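Written below as structure tokens is the structure these notes are about.
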Amino acid sequence: MGKFLPDNIVTNEDLSKLIDTSDEWITERTGIKERRHIVKGSGDSPATMGNKAALIALERANRAPEDIDMILFATLSPDYYFPGSGVLVQKLLGIPACPAMDIRMQCSGFIYGLSTADQFIKTGMYKNVLVIGAENHSGGLDFTTRGRGVSVIFGDGAGAAVLTREEDPNKGILSSHLYSEGQHAEELSLIGPSTMRWVPEIIAENDPTDESYYPYMNGQTVFKHAVVRFSEVINEGLQKNNWAASDIDMFVPHQANLRISQFIQKKFQLRDDQVYNNIMRYGNTTAASIPIALTEAWEEGKIKEGDKVVLAAFGSGFTWGSTLMHW
Ligand code: UT7
């Protein structure tokens, strides 16, 4: 595992100088105290941050870039409209040819990436798969009071994992459970610049009230669906593996909102030491949140070999999923 966060710390106080918000509102509703933003012109992007996280993960896994058989890059904020950021990481790592695929599943992207890697490894097709989650949110948020419901929540960063073949069937990823429900696609979305309405058209319209090129979130609807789907998909994983909630050594939820994590913790009656949260420091980093949190939990010695680990995510799409593993 590896992670990379930009140095630039943006506190709730900093945001309250730009927009009509407060530390009190943000802390009470989300638990977030600060987040990281890429400094414009620093050269950091989802691909470069993903690459830095990947280099740490590769070193820790004792693998060289040329050992990687496949790259999976989860992001909703790719460097370019096309091609994907996966091929940019491939270039940065100096891997001449391997599949490098972007995963467009937003907050659930890393879970989808792990599951995809797991399938390719279990079928015997690949041995070492690099899975990255990385986001540059700050480059595309509305930092006026109009956008405050969204812009205070999201942060930038990257996390990476190197997955490798393990012969012992009781080790590693035991099961993944993936879902999408497109009927809610627009509830958390960015629909502005698209093939149906390209940038020159938006410029020609010159409509100052047009918010379509900023992310939109129907916060309360997303919240309500999140708590239900998180619970369902964790339960499904527990049942599949014959685990009780009390068996879980570490639950790492997607860092969407501390209130969601606390709701789930309470519902499954988990102790504080069974749950890892770091949204206070980084905000919601979408596809990067689980790999960053997992890296930190492991670095801090809170996940040890043989531990039962549960990951779960919910987000735009709607998409959701869980992964259960023996570390
Ligand atoms: O990772 C992807 C999945 N995303 C999620 O899971 C997010 C789920 N949703 C949420 O976490 C919450 O809905 C939010 C944290 C986004 C919002 O909290 P809320 O309690 O649902 O607030 P709200 O949107 O209902 O807004 C309440 C009030 C509104 O004012 P009025 O209409 O009551 O006067 C907003 O205009 O708070 C206002 N508001 C703010 N005030 C200060 C919205 N954003 C802010 C802000 N600072 N940043």
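The values are calculated or read from the model by the stated rules, or taken from the named source; none is laboratory data. Just so it is clear, the model here is predicted, and its values are computed rather than measured. All Cβ positions, even for glycine, are placed from backbone atoms using ideal geometry, and neighbour counts span all protein chains on display.
Kindly indicate which of 200, 208, 215, 193 is within 11 Å of the ligand (Cβ to nearest atom), over 16 Å from residue 260 (Cβ atoms) and not aliphatic (A, V, I, L, M). One residue alone meets the criteria, 215.
Have a look at 152, 131 and point out the one that is at pLDDT 95 or above, outside the structural domain of residue 257 (by TED's automatic domain parsing) and over 21 Å from residue 47 (Cβ atoms).
One residue alone meets the criteria, 152.
Please determine whether any residue of the range 224-233 is buried (at least 20 other Cβ atoms within 10 Å of the Cβ), of a type in the set (Lys, Arg) and within 16 Å of the ligand (Cβ to nearest atom). Yes - at least one qualifying residue is present in the range 224-233. Comparison of 150, 131, 162 shows that the only residue that is in contact with a Lys or Arg (Cβ under 7 Å, 6 or more places away or on another chain) and of a type in the set (A, V, I, L, M, F, W, C) is 162. Note on the range 281-300: among residues that are farther than 22 Å from residue 243 by Cβ and either of a type in the set (Asp, Glu) or more than 14 Å from the ligand (Cβ to nearest atom) (or both), the one that is farthest from the chain's Cα centre (by Cα) is 300. Residue 98 fulfils the conditions (1) under 22 Å from residue 310 (Cα atoms); (2) in contact (Cβ under 8 Å) with a residue 24 or more places away in the chain except for a single criterion, (1). Consider the range 95-150 and keep the residues that are assigned to a helix (DSSP H, G or I) and charged (D, E, K, R). The one that is nearest to the ligand (Cβ to nearest atom) is 148. The residues listed here are 67, 20; of these, the one that is surrounded by fewer than 16 Cβ atoms within 10 Å (Cβ to Cβ), more than 29 Å from residue 151 (Cβ to Cβ) and touching a Lys or Arg at 6+ places or on another chain (Cβ under 9 Å) is 67. Take the conditions (1) touching a residue at least 40 places away in the same chain (Cβ under 8 Å); (2) more than 14 Å from the ligand (Cβ to nearest atom); (3) not acidic (Asp, Glu); residue 242 misses just one of them, which is (1). If you go through the range 211-219 one residue at a time, do you hit one that is touching a Leu at 6+ places or on another chain (Cβ under 9 Å) and in a strand (DSSP E or B)? There is at least one residue in the range 211-219 that is touching a Leu at 6+ places or on another chain (Cβ under 9 Å) and in a strand (DSSP E or B). Residue count for the range 34-55 under the criterion of being surrounded by 18 or more Cβ atoms within 10 Å (Cβ to Cβ), of a type outside the set (Ser, Thr, Tyr) and in contact with a Ser or Thr (Cβ under 9 Å, 6 or more places away or on another chain): the result is 9.
The condition of being within 20 Å of the chain's Cα centre (by Cα), more than 10 Å from the ligand (Cβ to nearest atom) and surrounded by fewer than 21 Cβ atoms within 10 Å (Cβ to Cβ) holds for only one of 269, 262, that being 262. Is it the case that some residue within the range 90-101 is under 14 Å from residue 158 (Cα atoms) and either in contact with an Asp or Glu (Cβ under 6 Å, 6 or more places away or on another chain) or modelled with pLDDT of 95 or more (or both)? No.
Among the conditions (1) surrounded by fewer than 21 Cβ atoms within 10 Å (Cβ to Cβ); (2) more than 16 Å from the ligand (Cβ to nearest atom); (3) not in a loop (DSSP other than H, G, I, E, B), the only one that residue 251 does not satisfy is (1).
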